[in-house]
Amino acid sequence: MGGELKYEIAQNAYIKLVLHALKHKASSVNAVLLGRVAPGNDDVIEITDSVPLFHSHIGLLPQLEISLILIEEYYAAKGFGVVGYFHANERFDDFELSGVAKNIGDHISRYFPQAPILLLDNKKLASLEKSKDRSPVMQLYAKDASKNWKHVGSGGGYLLTTKEPSANVVLLDYISTEKWQDVVDFDDHLDDITKDWLNPELFN
């Protein structure tokens, strides 16, 4: 590994994560990040897609394992794997990484050691319209040398960026049209299997 480890998240993957959290504001939600190490550059992790997991019973292992098997199977055929984890806390002002988030992050990092945890920053999201900030509305957590999850700001050897600079502009547009109502997660799919966790229609 050279200098900085950069996580580059594609616009649709990024927006899907935020919309899922907005759909279930009163509960914790989580998702997995799909992608790969950038071809020819070990210092860049490309996050190409995301799959919303749960908004209730968030820490239940059987459901998590079923969903991860299905997700891994589908994306492996496309050349991608699970490369990280996303979590949004129940409370607006809660910026702590919960035990559940750490456990799932640990599970994923066993198979993909560079896996980050992205935690939704509600305050940053709420002020987005005024701030016009281009950086992701998420906090980046990575494992330190002693294998503990640590919040890493920019300049700490890690960087989280959106692949498309205008991702937040597009996100705000989707928020204004209440696009979050269309997001399907694994909870929805397990309740009604006609609901597709791949969200193929979401950005059409």
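The values are calculated or read from the model by the stated rules, or taken from the named source; none is laboratory data. Predicted, not measured: the structure shown is a model, and the values here were computed from it. Please note: Cβ atoms are built from the backbone with ideal geometry, for glycine as well, and neighbour counts cover all protein chains shown. Only protein heavy atoms, including side chains, enter the accessible area calculation; ligands, DNA and RNA are left aside. Shrake-Rupley method; radii C 1.70, N 1.55, O 1.52, S 1.80 Å.
Structural remarks
- Residue ID - farthest from the chain's Cα centre (by Cα), chosen from residues in the stretch 130-142 that are modelled with pLDDT of 90 or more and open to solvent by 50 Å² or more (accessible area, probe 1.4 Å): Lys130
- Residue selection: Asp196 fails the criterion of being in contact (Cβ under 8 Å) with a residue 40 or more places away in the chain and among the acidic types (Asp, Glu).
- Qualifying positions in the stretch 7-43 - over 27 Å from Val183 (Cβ atoms), in contact (Cβ under 8 Å) with a residue 12 or more places away in the chain and open to solvent by 60 Å² or more (accessible area, probe 1.4 Å): Asp42
- All positions within the stretch 95-126 that are hydroxyl-bearing (Ser, Thr, Tyr) and either open to solvent by less than 30 Å² (accessible area, probe 1.4 Å) or modelled with pLDDT of 95 or more (or both): Ser109
- Any hit, the stretch 49-63, residues being closer than 15 Å to Val183 by Cα and of a type in the set (D, E, K, R): yes
- Across the stretch 143-155, the qualifying residues are those that are of a type outside the set (Lys, Arg) and exposed (fewer than 14 other Cβ atoms within 10 Å of the Cβ), and the one among them that is farthest from Asn103 (Cα to Cα) is Gly155.
- Inspection of the stretch 177-184 finds a residue satisfying the criterion of being surrounded by fewer than 16 Cβ atoms within 10 Å (Cβ to Cβ), touching a residue at least 12 places away in the same chain (Cβ under 8 Å) and not polar (S, T, N, Q).
- Pair list, Cβ under 9 Å, 6 or more apart: the stretch 96-116 residue under 17 Å from Asp43 (Cα atoms), other residue open to solvent by less than 30 Å² (accessible area, probe 1.4 Å) and in a loop (DSSP other than H, G, I, E, B): Ser109/Ala115; Ser109/Pro116; Pro116/Val152
- In the stretch 194-204, the residues that are surrounded by fewer than 11 Cβ atoms within 10 Å (Cβ to Cβ) and either acidic (Asp, Glu) or modelled with pLDDT under 95 (or both): Glu201, Asn204
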